[in-house]
């Protein structure tokens, strides 16, 4: 669905791309082609914020524990991060390198890392047969040929 994931907003888990907004409804992150992604009010469809530079999103995810949106951008090979606000603003860790082709993202809502923060997961595809390679897996002791799951602490 190219960066447009929508949950029912009723449970803490499975909040794909949707966050609670204090601006008159529930917010939803949308992304696909173009230069930017968009956060809208899912009640009335009105734009809440344009997320500059986060175009090309393959999947968007909302983490209510960190109150952040994550944008998996496979062509750019980065994980975009936007504070949900209100108002939505870029996070200090925006555009974290992942790897070309890394088009999925998910967040664990529990505070379970050594730093007592929620964690964000991005599958990194293997380099075998690829023209563009990444060193994301080997930089942490993994295998770039086979790929890995990158684990980040939510800021």
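Which values, in whole Å and largest first, are the semi-axes of the equivalent ellipsoid of the range 81-155 obtained as the square root of 5 times each eigenvalue of the Cα gyration tensor? Don't jump to the answer; show the numbers that get you there.
Numbers: eigenvalues 129, 45, 18 Å².
Each semi-axis is the square root of five times an eigenvalue, giving 25, 15, 9 Å.
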Peptides 60-67, 85-92 ordered by average Cβ neighbours within 10 Å, highest first: 60-67, 85-92
Alpha-carbon centroid distance for the pair the range 101-144 / the range 22-90, whole angstrom: 20
Percentage relative contact order, the range 18-153, counting C-alpha pairs under 8 Å, at least six apart: 15
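Using the Cα atoms as the points, what is the convex hull volume per residue of the range 39-98 in Å³?
85
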At R0 = 22 Å, FRET efficiency that the Cβ-Cβ distance of residue 65 and residue 36 yields, to 0.05: 0.30
Stokes-Einstein D in µm²/s, Kirkwood radius over Cα pairs - the range 18-153 at 37 °C with 0.692 mPa s viscosity: 216
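Readers should treat all values here as calculations from the given coordinates under stated rules, not as data from a laboratory. Everything numeric in this text was worked out from a predicted model, so none of it was measured. Here Cβ is always computed from backbone atoms with ideal geometry, including for glycine, and neighbour counts include all displayed protein chains.
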